[in-house]
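What follows is a single structure, written as structure tokens, with notes after it.
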Amino acid sequence: MRRWKKGRGPCCASRPERERTTLYMRFFRDMTQARIAEQLGISQIHASSLIIHCFGSATKSSTTLPDPA
């Protein structure tokens, strides 16, 4: 995980530890939501919500394109 943290960039740097861990497990360890939930001691629905929340927050904080007017 150290290597992933080093190159995660500003997008993930501001995420809470639990969200970073969830994303790491899902996309770098290729774990299912059920397995993530088991590891974190939460429900599969909660694991799914964490992942969705991460993407929703990332979309809101991403750079927007200027208005073409």
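General observations
- Residue order, fewest to most surrounding Cβ atoms within 10 angstrom, among 36, 42, 51: 42, 51, 36
- Exposure proxy ranking, count of Cβ atoms within 10 Å, fewest first, for 25, 31: 31, 25
- Phi angles of the range 44-51 translate, via the Karplus equation with coefficients 6.51, -1.76, 1.60 and θ = phi - 60°, into HN-Hα couplings of 4, 4, 5, 4, 4, 4, 4, 5 Hz per residue; Gly and Pro are given as x.
Each value in this text was obtained by applying a stated rule to the coordinates, not by laboratory testing. Remember, it's a predicted structure, so these values are computed and weren't measured experimentally. Neighbour counts are summed over all protein chains in view; Cβ atoms, including those assigned to glycine, are modelled from backbone coordinates with ideal geometry.
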